[in-house]
1. Listed residues 252, 218; which is over 30 Å from residue 82 (Cα atoms) and in contact with a helix residue (DSSP H, G or I) (Cβ under 7 Å, 6 or more places away or on another chain)?
2. Given the options 195, 183, name the one that is in a helix (DSSP H, G or I), crowded, with 22+ Cβ neighbours inside 10 Å and without any contact (Cβ under 8 Å) to a residue 60 or more places away in the chain.
3. Which one is farthest from residue 349 (Cα to Cα) among residues in the range 295-319 that are within 16 Å of the ligand (Cβ to nearest atom) and in a helix (DSSP H, G or I)?
4. Just one of 189, 175, 167 is touching a strand residue (DSSP E or B) at 6+ places or on another chain (Cβ under 6 Å), farther than 18 Å from residue 103 by Cβ and either within 15 Å of the ligand (Cβ to nearest atom) or not in a helix (DSSP H, G or I) (or both); which is it?
5. Here are some residues: 239, 288. Which one is touching a residue at least 12 places away in the same chain (Cβ under 8 Å) and part of a helix (DSSP H, G or I)?
6. Is there a residue being within 9 Å of the ligand (Cβ to nearest atom) and in the same structural domain as residue 171 (by TED's automatic domain parsing) anywhere in the range 44-58?
7. Do we find that residue 45 is more than 25 Å from the chain's Cα centre (by Cα) and under 22 Å from residue 128 (Cα atoms) in this structure?
8. As an exercise: evaluate residue 77 against (1) near the ligand (Cβ under 9 Å from one of its atoms); (2) over 23 Å from the mean Cα position of the chain (by Cα); (3) within 24 Å of residue 244 (Cα to Cα) and give the number of the one condition it does not meet.
Ligand SMILES: NC(=O)c1ccc[n+]([C@@H]2O[C@H](COP(=O)([O-])OP(=O)(O)OC[C@H]3O[C@@H](n4cnc5c(N)ncnc54)[C@H](OP(=O)(O)O)[C@@H]3O)[C@@H](O)[C@H]2O)c1
């Protein structure tokens with residue numbers, strides 16, 4: 001069986017590399033670009049680090065998209081802003097392959113323009129993988145990866161087939177689940193990202209400097225979640241709890257507990273012990289820091305898009321998008337002051 005990974009950066013290289021390592025009957029091909037790909041090609045191998053230590057896995061790598069021809073599965077793991085260019089370039093070579101998107105944004109409608117619904121599997125992962133140096137990726141946090149059909153499409157053999165393939169790498173805490181309402185789980189995680197992205201505007205620690213900060217939580221955090229939930233209801237999106245860590249319900253519970261003065265001090269103290277040492281780092285923050293384009297239009301922008309289709313508005317998420325674009329265009333890669341974020345997002349609530 002041939003498996004290609006289109007856009008093998010952090011996530012794609014880890015999943016593709018592990019698949020190759022654990023399955024001698026698979027031919028895995030990474031489609032990369034830049035220094036990461038050049039290093040893999042020179043070595044003929046990729047380094048995977050994680051709880052297992054560091055292992056070098058022999059693997060094929062190319063920059064030539066036509067090499068994906070005859071694949072049984074094509075994993076799509078580009079950042080969402082690269083989806084259209086990647087799938088358009090890949091389309092002539094897709095043949096009968098099943099496409100498996102593992103991305104944070106909601107790219108279903110875009111991908112359905114190029115791929116038949118019964119060949120499209122949409123997924124999200126709650127793992128965390130970092131590209132440490134070119135040619136080396138590291139599993140920072142294990143977790144669940146959920147696969148399901150594209151929006152408005154039925155569950156089918158294509159979803160279970162892709163999930164069973166990934167279950168070959170149930171190792172080191174990685175878990176895989178097929179679910180008919182994976183879309184509801186993806187919006188669940190998207191809401192956490194939409195909230196987290198607001199903390200990136202001021203380069204603040206999401207837990208200790210934002211959720212534990214009373215004004216930020218009341219004026220920024222809770223209104224973002226409320227806006228997302230209002231939009232999902234209008235668009236008839238049924239949220240699905242995500243088993244494990246990335247769960248909106250847990251985050252809402254934490255925010256409610258932080259409103260209670262008797263608990264606030266203890267929770268904030270506990271949070272500082274954990275999250276000041278190991279902050280949650282959103283890819284948006286890293287992209288801004290490195291002067292790269294971000295996924296914001298596919299996260300907060302997705303809420304705005306969904307609101308429009310449902311005949312409503314999402315002004316807070318829209319303002320977050322505008323503010324991210326302002327940061328993207330700053331030549332010095334600086335961020336807003338936290339109070340400025342609070343003021344600007346509060347102003348949007350007065351507009352409503
Ligand atoms: N990393 C994580 O821990 C994590 C966790 C959960 C979800 N996610 C989601 O998973 C998706 C992938 O994230 P990631 O962190 O793996 O991103 P990434 O490291 O940036 O990997 C994407 C790779 O695709 C390459 N690429 C883009 N367009 C291409 C094309 N047309 N042909 C070939 N290569 C192409 C990029 O090259 P350039 O760098 O040159 O653009 C990059 O190397 C995103 O939606 C992200 O939000 C990531």
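1. After ruling out the rest, the residue left standing is 252.
2. Criteria check complete, one pass: 195.
3. Ranking the candidates gives 298 first.
4. One residue alone meets the criteria, 175.
5. None of the others qualify; the one that does is 288.
6. The answer is no, given that none of the residues of the range 44-58 is within 9 Å of the ligand (Cβ to nearest atom) and in the same structural domain as residue 171 (by TED's automatic domain parsing).
7. Yes: the conditions hold for residue 45.
8. Every listed condition holds for residue 77 apart from (2).
The values are calculated or read from the model by the stated rules, or taken from the named source; none is laboratory data. None of the values given here were measured: they were computed from a predicted structure. Glycine also receives a Cβ, built like all others from the backbone with ideal geometry; neighbour counts cover every protein chain displayed.
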